[in-house]
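Asks: Take this structure, written in structure tokens, and hold onto it; I'll ask about it next.
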Amino acid sequence: MSKKIYVHVADDHKIVIEGIIAVINTDDDIEVVDYSLTGTQVTKWFDNRKNKADVLVLDINIPELDGFEVVKHLRKKVNKPKIIIVSSYNDIRIVEEMLKLGCSGYITKNNAGAHIINAIKAVVQGEQYFSSDVQKDMLQKYVNKKEVPHGDAPESYLMETLTDREIEVLRLITQEYNTPEIADKLNVSVSTIETHRKSLLKKLKVKNAVGLAMYAIKYKII
């Protein structure tokens, strides 16, 4: 490569970040410029005009602002980075959604070490890149026209703990309504919706709206 590629890494687990950085550091053409542990840190880092990265390596299930929210924020920027998703979720529908939002690559975490360098170099050249397991699922769906598994998601019994109102709130969250909008739609107070949201996160054992969306998709809530 004739030009150094600068990469920012974002994940809520420091050990994952360190692993990705260790792999990237084996290639002289790529340099990591800082990292973030939350979605808010990512957006603030890129909003600072002094900071610049060609590629963002991003986990979907990141706190404060999830991966979807981070991508939506960054795609409004003039000099937006290429984005590679590195996630434990291998649901093909999540892959499709991230591509629609403008991401250039998607790698599952168990394959990150084998693919991250090639992915970074591919996306800066304007290509899309997927880890081998994601490629296989996409081939099955789009070339062989076969149904593919929906990927990893939490156990179905957790859904059975939800009340009818919680399921209703879950559906609206997944449809991207915010808390005040849901409160207005259901004719209840904002604090009531906040209570339902906290209950959903606790019952389903997820950290943010991405985890809730995964349940909603898997169990056909939407």
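The values are calculated or read from the model by the stated rules, or taken from the named source; none is laboratory data. Keep in mind that this is a model prediction, so the values were computed, not measured. Every residue, glycine among them, receives a Cβ derived from its backbone with ideal geometry; neighbour counts consider all protein chains shown. For accessibility, only protein heavy atoms count, side chains too; no ligands or nucleic acids. Shrake-Rupley method; radii C 1.70, N 1.55, O 1.52, S 1.80 Å.
Asks: How would region 65-120 be classified by its alpha-carbon gyration tensor: rounded, prolate or oblate, with rounded meaning a/c under 1.5 and the a/b versus b/c comparison settling the rest? Write down the numbers at each step before the final one.
Replies: On the way: a/c = 2.15, a/b = 1.40, b/c = 1.54.
Oblate shape, in that a/c is at least 1.5 and b/c is the bigger or equal ratio.
Asks: Highest mean first, how do 110-116, 21-27 rank when packing is the count of other Cβ atoms within 10 Å averaged over residues?
Replies: Highest mean packing first, the order is 110-116, 21-27.
Asks: Same structure, new question: Rounded to the nearest 10 degrees, what's the angle between the helix 132-142 long axis and the longest principal axis of the chain, both from Cα atoms, 0 to 90?
Replies: Approximately 60 degrees, to the nearest ten.
Asks: Further, regarding this structure: What is the set of long-range amide H partners of I30 at a cut-off below 5 Å, with H atoms built 1.01 Å from backbone N?
Replies: I5
Asks: ³J(HN,Hα) across region 170-184 via Karplus (A = 6.51, B = -1.76, C = 1.60, θ = phi - 60°), whole Hz, x for Gly/Pro?
Replies: Per-residue couplings from phi come out as 4, 4, 6, 4, 5, 8, 6, 6, 8, 4, x, 5, 5, 4, 5 Hz.
Asks: Another question about this same structure. Quick one, which of (i) 1.24; (ii) 0.99; (iii) 1.04 is the actual Rg/Rh (Cα atoms, Kirkwood Rh) calculated for this model?
Replies: (ii)
Asks: Still on this structure, I have one more. Placing unit charges on C-beta atoms (Lys and Arg positive, Asp and Glu negative, everything else neutral), compute the dipole magnitude of the chain about its Cα centre in debye, rounded to 20.
Replies: Dipole of the chain, to the nearest 20 debye: 460 debye.
Asks: Next question. Give the lysines reachable from K136 as a straight Cα distance under 25 Å; neighbours fewer than 8 places away on the same chain don't count.
Replies: Qualifying lysines at Cα under 25 Å: K82, K100, K109, K121, K145, K146, K218, K220.
Asks: Assigning unit charges at the beta carbon (Lys, Arg +1; Asp, Glu -1) and nothing else, what dipole magnitude in debye, to the nearest 20, does region 1-126 show about its Cα centre?
Replies: Computed about the Cα centre, the dipole is about 600 debye.
Asks: Whenever you get a sec, compute what percent of the accessible area on the chain sits on carbon and sulfur atoms (1.4 Å probe).
Replies: Carbon plus sulfur share of accessible area: 49 percent.
Asks: Let me ask something additional. Could you do me a favour and compute the accessible area per residue for the chain, 1.4 Å probe, result in Å²?
Replies: 52
Asks: Run the helix sum for the chain: -39,500 (n - 2.57) per DSSP H stretch of 4+ residues, divided by residue count, reported at 222 nm to the nearest 500 deg cm²/dmol.
Replies: That calculation yields -14000 deg cm²/dmol at 222 nm.
Asks: About the Cα centre, and with charges only on the beta carbon of Lys, Arg (+1) and Asp, Glu (-1), how big is the dipole of region 52-114? Nearest 20 debye, please. The partial results should precede the final answer.
Replies: Working: 10 positive and 8 negative charges, 76 e Å.
For this selection, approximately 360 debye.
Asks: Would you pull out the residues with amide H under 5 Å of I83's amide H, same chain only if 5 or more places away, H placed 1.01 Å from N?
Replies: Amide H to amide H, under 5 Å and 5 or more residues apart or across chains, I83 pairs with L56, S104, G105.
Asks: When the Karplus curve 6.51 cos²θ - 1.76 cosθ + 1.60 is applied with θ = phi - 60°, which whole-Hz ³J(HN,Hα) does each residue of region 203-220 get, with x for Gly and Pro?
Replies: Those phi angles translate into 5, 8, 6, 10, 9, 7, 5, 5, x, 5, 4, 4, 5, 4, 5, 4, 9, 6 Hz.
Asks: Something else now. What are the ³J(HN,Hα) couplings of region 67-83, residue after residue, when phi is run through the Karplus curve with 6.51, -1.76, 1.60 and θ = phi - 60°? Round to Hz, x for glycine and proline.
Replies: Listing the rounded values in order: x, 4, 5, 4, 4, 4, 5, 6, 6, 7, 7, 5, 9, 6, x, 6, 10 Hz.
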